[in-house]
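Read-outs throughout are calculated quantities, based only on the coordinates presented, and are distinct from any laboratory measurement. For clarity, every value in this text was computed on a predicted model and none was experimentally measured. Neighbour counts are summed over all protein chains in view; Cβ atoms, including those assigned to glycine, are modelled from backbone coordinates with ideal geometry.
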Amino acid sequence: MAGIKLTFDYLSKNLAIVIGLVLIWRGIWYVLDEIDLVFLGGSHFFTAVGGIILGLAILYIPDHDLKEIQKL
């Protein structure tokens, strides 16, 4: 961590970013649950499979590889 000063300003800014991202994902999660409930009767199977396919496509399309998955 050479060159990074752990100041209150630095920590509060990054904490605000993390909280914002978590709240966005929480909202997306609830919207997708409602879509499951309304259109598929609460069955998560098809939207889960669709989400996996869409996620892989989003990772694949820009550079035509899935190297981002290796970082996990």
query = If the cut-off is a Cα-Cα distance under 24 Å, which lysines reach Lys13, setting aside same-chain residues fewer than 8 apart in sequence?
reply = Lys5
Residues Gln70 and Ser12, FRET efficiency given R0 of 30 Å [Cβ-Cβ distance, rounded to 0.05] = 0.35
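Please give me the summed charge of the neighbours of Gly42: other residues whose Cβ is under 13 Å from its Cβ, Lys and Arg +1, Asp and Glu -1.
-3
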inquiry  = If you take percent of Cα pairs over 20 Å apart from the coordinates, which of (1) 59; (2) 36; (3) 63 do you get?
reply    = (1)
request  = Return one number: the angle in degrees, 0 to 90 and rounded to the nearest 10, between the long axis of the Cα atoms of helix 45-60 and the longest principal axis of the Cα atoms of the chain.
outcome  = 50
